[in-house]
Each structure stands twice: as C-alpha cells, then as structure tokens.
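Participant: Supplied in structure tokens, the structure appears directly below.
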Amino acid sequence: MATTLLISLWGCTSPDIQETKPSAELSDTAAEALKPNIIIFYADDLGYGDLSAYGATAVTTPNIDALSAHGIRYTDAHSPAATCTPSRYSLLTGEFAFRNNAAILPGDAPLIIDPERPTLPKMLQQVGYTTAVVGKWHLGLGRGEVDWNQAVKPGPLEIGFDYSFLIPATGDRVPTAYLENHHIVGLDPNDPIEVSYETNISDRPLGTEHPELLKQQADLQHSGSIINGISRIGWMRGGKDAEWRDEDFPIVMTDKAISFIDENQSAPFMLFFPFNDIHVPRVPNERFQGATDMGPRGDAIVQMDWMTGRIIDALEKRGLMDNTLIIFSSDNGPVLDDGYADQAVERIGDHQPAGPFSGGKYSVHEGGTRVPMITYYAGQKRTGESDALISHIDFYASLAKMVGYPLANTEAIDSENILPALMDATADGREEMLEEAFAIGLRQGNWKYIAPFSGDLPDWLANKEVRTGIGSEPLLYNLDEDLKEQHNLADAHPERTRQMAARLEAIKQR
Ligand code: NG6
Ligand code: CA
C-alpha cells in the first residue's frame with residue numbers, strides 16, 4: 001500500500017513552523033502572471049475533524065497531512081454550501097447557488113450551468129490551460145430527457161473542460177456507469193441503458209424487495225435498483241456491461257487523473273478532482289476495508305488519502321511539484337447516516353467529524369460548510385496555519401488574479417480575490433461571507449447571522465440527526481465566545497441583527 005508515499009518523499013515534517021519558500025513572488029501585472037498547474041482535490045462530505053491534520057486520531061491521513069505540513073492549513077475555510085450541487089455550482093461559476101436555484105439534483109437532471117456563461121475552467125482555457133474534471137459530477141447533464149446511449153451533452157466539455165471522466169451524478173444515484181467525455185464507457189449497443197427517477201423500469205432486483213442481496217441495508221429513497229450489491233436512488237435497466245464496481249473507484253479515478261497529467265504536462269493544466277469519497281454508499285476497495293475501527297466511513301477516508309497520495313506521487317515522479325498549485329478541500333460538512341446502514345453512527349467512538357463545530361452536512365451552522373482546506377505551492381510566501389475567512393466561491397477570482405485574467409463586471413460576481421491568503425498564511429481573507437444551506441447564514445468577522453427560512457424542505461431532512469439551524473426565527477451568534485452556536489443573541493443585539501439581515505438582502509439583490 002502506498003499510504004506513506006509523500007512522507008518518504010518529503011522527509012519529516014513540522015506542521016506548526018512557518019517557513020519561507022525561496023520561490024516565485026506574486027506579481028500584480030498580467031505580464032508577470034503565474035501559470036502553475038492547478039489541482040483541486042474536492043472531497044465529498046468530509047468534515048473539519050475528519051483528517052489527522054485537523055486533529056483526528058481514529059484515522060490517519062499521512063498524504064494530506066504532508067501537504068498540510070508543507071503548505072497552508074486553513075481554520076476558517078468554507079464550502080459555499082452545505083450540500084454538493086450548490087457548492088460545486090458556486091466553485092465553478094463564482095456565483096451563489098441561490099441565484100440559480102441550484103439544489104441537490106436527481107441523477108437525470110439537466111445541466112444546471114448554462115454553457116453560455118463564464119466559468120472557472122473556461123477562464124483558465126482562455127489563458128492557455130488544458131482543463132479536466134475526473135470524479136463525481138452531480139451538476140446535471142444534457143437538456144432534459146437524457147439518452148444515455150447517445151452523446152450526452154451539454155456537460156463538462158461545454159462549460160470549459162477539455163476532458164471529463166465522471167460518475168455522472170453520485171455513487172448513490174443511477175446510472176451507475178462512467179461517462180467519459182460524451183459517452184458511457186463500455187456500453188453494449190445491444191443492451192441500451194435507461195434511467196428513471198419516476199417509474200420503476202428496473203430490470204434488476206430492488207432494495208425494497210431483496211434486502212438479502214445487499215452489502216448494506218438502505219432507507220426507502222436508496223432502495224431502487226440494486227447494482228453491485230448496493231441499492232440506489234432511482235431505477236435503471238440495461239447497460240449491464242457498463243456497470244461500475246464501487247470498490248474500483250480509487251484505482252479507476254486516479255488512473256484517469258494520472259493519464260491526463262501525463263498527456264498534458266508540457267503546458268499548464270487544471271485538474272478538478274471531485275472524489276466520490278466519503279459520500280455514501282461507502283464501499284471502499286478491499287485493500288482499505290478494515291483500515292480503521294470506524295467501519296466504511298473511516299476506511300473511505302483512508303482510501304481518499306491514498307488517492308491523493310497516488311496523484312501527488314505522480315506529480316513528484318514527473319518533476320511537477322514545483323510548478324503545481326494544489327488545493328485540497330471538501331464540498332460540505334460531515335454526515336454519518338446518509339441512507340445506508342454502514343455502521344458510521346455505531347462505530348464513531350470519540351471521533352468528532354465536524355471538529356469543534358455544530359451541525360454538519362445540510363446545516364447552516366458552521367459544521368455544514370467549515371471544512372478542511374489545505375493549499376500547497378512551492379511559491380507560497382509563508383506556510384503554516386491560516387485563519388483567513390475563505391469560501392471556495394473565491395477560487396474563481398483568486399485564480400483569475402493569479403493567471404492575469406481580468407474579470408468582466410458580470411463575471412463571477414460573488415467571488416472575491418483571496419489570492420494573498422492562498423500564498424501567505426498570514427494574509428487576510430474575506431471580511432464577510434455567505435453560507436448556504438436551505439437557509440442562508442452571513443458571517444461578518446466572527447459574528448454570524450442566520451436568516452429565518454420559510455421555503456419548502458425535503459421530507460427526509462426532518463429525519464436526519466443533524467442540527468440544521470433552519471427555522472423561522474432570526475439567529476445571531478458570536479463565534480468568538482460560542483463556536484458551537486448555542487446562544488442566540490438576536491434579541492440581545494437587535495441593531496446588529498437588523499443590520500446583518502439588511503446586508504444579506506442587499507447581497508441577494510446584487
Ligand atoms: C439526498 C440523499 C443523500 C445524498 C444527498 C446528496 C435521500 C434521503 N438522501 O437527497 O443520501 O445523496 O441527497 O448528497 O435521498 S450531496 O453530498 O451530493 O449533496
Ligand atoms: Ca457532498
């Protein structure tokens with residue numbers, strides 16, 4: 001197993017010591033713009049407390065820890081939202097998801113990013129990057145009725161990626177087949193693939209009827225077609241030869257990423273690598289099963305770390321580490337039970353998936369969006385720990401600044417240039433920031449306001465064991481004294497509450 005690759009390459013590490021790297025200086029002029037390769041590792045549902053670099057002891061993540069030890073580790077970095085689709089939407093467009101009603105999508109939903117609009121990968125293409133996405137997509141595909149047997153588009157290639165290799169939606173949604181560029185991989189034309197989220201068209205057994213066939217029991221929503229011993233959301237027929245085996249994801253995805261790196265190492269490349277891990281169903285490769293005492297959720301963290309190490313090792317071997325900006329983070333906070341009985345709750349022990357924060361995935365409290373984030377670049381001025389307030393929505397404007405691309409006024413309107421904080425652990429980040437769950441939170445420094453929410457919520461959310469923070473009363477917290485958001489100060493500070501509510505409205509109307 002290659003879990004110690006980075007450690008051995010980089011020697012012993014001293015995480016808390018700030019060091020100065022003797023490399024490229026940042027510049028303000030386009031002529032001197034930096035165009036390193038860029039890799040964005042985007043874990044799924046990984047919480048603030050889930051890495052050993054962030055204090056976990058029940059699981060060890062040596063490869064990510066090594067990045068942290070040599071780069072910058074952020075303590076106040078946020079996914080734009082507390083679920084996957086809106087976070088990815090915001091990362092790639094630089095715009096809040098509520099502006100486009102982007103919410104968790106079914107597996108047959110149309111593409112929610114308009115191919116006409118500017119995107120982060122398109123921006124990088126314009127300054128000479130070759131771009132790829134390898135991993136979980138979950139941003140929709142096609143324009144409505146998708147025929148999975150034809151060219152499936154528009155998709156990533158139409159919004160700025162030169163290459164794509166995808167889990168089309170999520171691991172728990174059909175179709176359970178890879179999509180490479182426009183086509184399902186390994187599809188037999190005589191066995192066409194069909195998917196429905198409305199009617200049971202399944203030619204496979206169903207989770208509801210055949211629980212004895214399951215590797216993990218599942219709730220009702222996840223009890224559609226059974227593929228590889230896992231029942232999914234939705235129904236699928238045909239496409240037998242194209243079925244994936246969940247246990248193979250780590251190998252398949254890292255192989256594809258490394259091939260892309262191999263083919264594009266002579267010019268700048270950008271690789272967006274959204275992991276399937278540690279989203280449900282958690283079905284790690286055999287070699288990681290039992291790697292922790294926490295069951296599949298812990299083992300999936302080890303697998304994800306191994307995948308990160310495998311790609312970084314490939315960079316090392318090709319001499320690309322000195323010229324690659326690596327960003328590692330997660331699309332939302334942690335969840336234990338997300339539909340499959342995989343022992344995540346029973347075996348959690350003392351592990352704190354959201355670290356010191358309250359809530360998790362689906363929550364507007366800090367645990368929903370405050371996630372681990374690490375950057376590594378040989379040109380970083382000062383490494384170590386950074387408390388800069390950052391949202392992944394800021395990658396767009398920050399990377400535009402780095403590569404010397406002037407943003408149009410209408411482009412990435414919610415994205416702020418926090419490039420200094422990507423390059424220097426002592427630099428400031430944002431002064432204020434939105435956190436989207438179903439409700440919206442506004443941070444101003446360490447004050448946090450959560451707006452009342454009156455819209456529709458999915459029924460299943462009520463059954464989740466998560467403190468969502470979604471309700472009909474305004475909430476105000478002072479994180480300086482109350483990291484867990486237990487004491488609502490809205491009545492005690494009516495003026496601040498009014499001012500923050502008004503500011504939130506103004507941002508919404510922007
Ligand atoms: C929910 C699913 C959950 C997960 C989530 C998306 C149910 C009851 N729950 O609808 O299992 O798939 O969507 O997760 O269906 S995310 O990380 O991709 O946003
Ligand atoms: Ca997620």
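The values are calculated or read from the model by the stated rules, or taken from the named source; none is laboratory data. No experiment lies behind these values; they were computed from the predicted model shown. Cβ coordinates were reconstructed from backbone atoms using ideal geometry, including for glycine residues, and neighbour counts include every protein chain displayed.
Participant: In the set Thr75, Thr131, which member is among the hydroxyl-bearing types (Ser, Thr, Tyr), under 16 Å from Leu271 (Cα atoms) and assigned by the TED database to the domain that holds Tyr362? Please lay out each step first, then the result.
Facilitator: Details: Thr75 fails: under 16 Å from Leu271 (Cα atoms).
The conditions single out Thr131.
Participant: Can you tell which of Ala344, Ala378, Ala354 is touching a residue at least 40 places away in the same chain (Cβ under 8 Å) and more than 16 Å from ligand 1 (Cβ to nearest atom)?
Facilitator: Working: Ala344 fails: more than 16 Å from ligand 1 (Cβ to nearest atom); Ala354 fails: more than 16 Å from ligand 1 (Cβ to nearest atom).
On inspection, the qualifying residue turns out to be Ala378.
Condition check ((1) closer than 26 Å to Thr85 by Cβ; (2) in a loop (DSSP other than H, G, I, E, B); (3) basic (Lys, Arg)) across all residues:
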{"residue": "Thr410", "(1), (2), (3)": "yes, yes, no"}
{"residue": "Asp414", "(1), (2), (3)": "yes, yes, no"}
{"residue": "Gly429", "(1), (2), (3)": "yes, yes, no"}
{"residue": "Arg443", "(1), (2), (3)": "yes, no, yes"}
{"residue": "Trp460", "(1), (2), (3)": "yes, no, no"}
{"residue": "Arg467", "(1), (2), (3)": "yes, yes, yes"}
{"residue": "Ser472", "(1), (2), (3)": "yes, yes, no"}
{"residue": "Tyr477", "(1), (2), (3)": "no, no, no"}
{"residue": "Glu481", "(1), (2), (3)": "no, yes, no"}
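Participant: Let me ask something additional. Could you please give the count of residues in the stretch 321-342 that are of a type outside the set (Asp, Glu) and within 12 Å of ligand 2 (Cβ to nearest atom)? Show your work before the answer.
Facilitator: Step one: list which residues in the stretch 321-342 are of a type outside the set (Asp, Glu), which gives 321, 323-330, 332-336, 339-341.
Of the ones still in play, those that are also within 12 Å of ligand 2 (Cβ to nearest atom) are 329-330, 332-335.
Residues flagged as of a type outside the set (Asp, Glu) and within 12 Å of ligand 2 (Cβ to nearest atom) within the stretch 321-342 amount to 6.
Participant: Right, here's the next one. Kindly indicate which of Ala109, Ala103 is surrounded by fewer than 24 Cβ atoms within 10 Å (Cβ to Cβ), at pLDDT below 95, closer than 21 Å to Asp45 by Cβ and within 16 Å of ligand 2 (Cβ to nearest atom).
Facilitator: Numbers: Ala109 fails: at pLDDT below 95.
It is Ala103.
Participant: Still on this structure, please answer the following. Among the residues of the stretch 361-372, which ones are within 14 Å of ligand 2 (Cβ to nearest atom) and within 15 Å of Leu457 (Cβ to Cβ)?
Facilitator: Within the stretch 361-372, Lys361, Tyr362, Ser363, Gly368 meet the criteria.
Participant: Moving to a separate point now. Can you tell me which residues in the stretch 41-100 are in contact (Cβ under 8 Å) with a residue 60 or more places away in the chain, of a type in the set (Asp, Glu) and away from ligand 2 (no atom under 16 Å from the Cβ)?
Facilitator: Asp76, Glu95
Participant: Separate question: Hey, any hits in the stretch 470-481 for a residue that's of a type in the set (Val, Ile, Thr) and either more than 19 Å from Ala354 (Cα to Cα) or assigned by the TED database to the domain that holds Gly367 (or both)? First the steps, then the outcome.
Facilitator: The first filter runs over the stretch 470-481 and keeps only residues of a type in the set (Val, Ile, Thr), leaving 470.
Restricting the remaining residues to those that are either more than 19 Å from Ala354 (Cα to Cα) or assigned by the TED database to the domain that holds Gly367 (or both) gives none.
Looking for residues that are of a type in the set (Val, Ile, Thr) and either more than 19 Å from Ala354 (Cα to Cα) or assigned by the TED database to the domain that holds Gly367 (or both), one finds none in the stretch 470-481, hence no.
Participant: Identify, from the list Gly295, Gly367, the residue that is out of contact with any Leu (no Cβ under 8 Å at 6 or more places or on another chain), closer than 25 Å to His222 by Cβ and surrounded by 23 or more Cβ atoms within 10 Å (Cβ to Cβ). Spell out the reasoning first.
Facilitator: Values: Gly295 fails: surrounded by 23 or more Cβ atoms within 10 Å (Cβ to Cβ).
Going through Gly295, Gly367 in turn, the sole match is Gly367.
Participant: Can you find a residue that is within 15 Å of ligand 1 (Cβ to nearest atom), part of a loop (DSSP other than H, G, I, E, B), assigned by the TED database to the domain that holds Glu145 and within 19 Å of Ala388 (Cβ to Cβ) anywhere in the stretch 80-92?
Facilitator: Looking through the stretch 80-92, at least one residue is within 15 Å of ligand 1 (Cβ to nearest atom), part of a loop (DSSP other than H, G, I, E, B), assigned by the TED database to the domain that holds Glu145 and within 19 Å of Ala388 (Cβ to Cβ).
Participant: Please enumerate the residues belonging to the stretch 343-360 that are within 16 Å of ligand 2 (Cβ to nearest atom) and over 20 Å from Asp482 (Cα atoms).
Facilitator: Step one: of the stretch 343-360, the residues within 16 Å of ligand 2 (Cβ to nearest atom) are 344, 353-354, 359-360.
Selection gives Ala344 alone.
Participant: Ok, one more. Look at Pro284 and say whether it is under 25 Å from Ala169 (Cβ atoms), within 19 Å of the chain's Cα centre (by Cα) and away from ligand 2 (no atom under 15 Å from the Cβ). Walk me through how you get there before you give the answer.
Facilitator: Details: under 25 Å from Ala169 (Cβ atoms): yes; within 19 Å of the chain's Cα centre (by Cα): yes; away from ligand 2 (no atom under 15 Å from the Cβ): yes.
The answer is yes for Pro284.
Participant: Same structure, new question: If you scan the stretch 137-166, which residues turn out to be touching a residue at least 40 places away in the same chain (Cβ under 8 Å), closer than 16 Å to Phe260 by Cβ and within 16 Å of ligand 2 (Cβ to nearest atom)?
Facilitator: Trp137
Participant: If you don't mind, another one. Which of the residues belonging to the stretch 455-487 are crowded, with 16+ Cβ neighbours inside 10 Å and more than 16 Å from ligand 2 (Cβ to nearest atom)? First the steps, then the outcome.
Facilitator: Pass one, the stretch 455-487, residues crowded, with 16+ Cβ neighbours inside 10 Å: 464, 466-470, 474-479, 483-485.
Arg467, Gly469, Ile470, Pro474, Leu475, Leu476, Tyr477, Asn478, Leu479, Leu483, Lys484, Glu485 - these are the residues of the stretch 455-487 that are crowded, with 16+ Cβ neighbours inside 10 Å and more than 16 Å from ligand 2 (Cβ to nearest atom).
Participant: Specify which of the listed residues (Ile278, Ile312, Ile227, Ile301) is in contact (Cβ under 8 Å) with a residue 60 or more places away in the chain and either of a type in the set (Lys, Arg) or touching a Ser or Thr at 6+ places or on another chain (Cβ under 7 Å) (or both). Full working, then the answer.
Facilitator: Working: Ile278 fails: either of a type in the set (Lys, Arg) or touching a Ser or Thr at 6+ places or on another chain (Cβ under 7 Å) (or both); Ile312 fails: either of a type in the set (Lys, Arg) or touching a Ser or Thr at 6+ places or on another chain (Cβ under 7 Å) (or both); Ile227 fails: in contact (Cβ under 8 Å) with a residue 60 or more places away in the chain.
Checking each option against the conditions leaves just Ile301.
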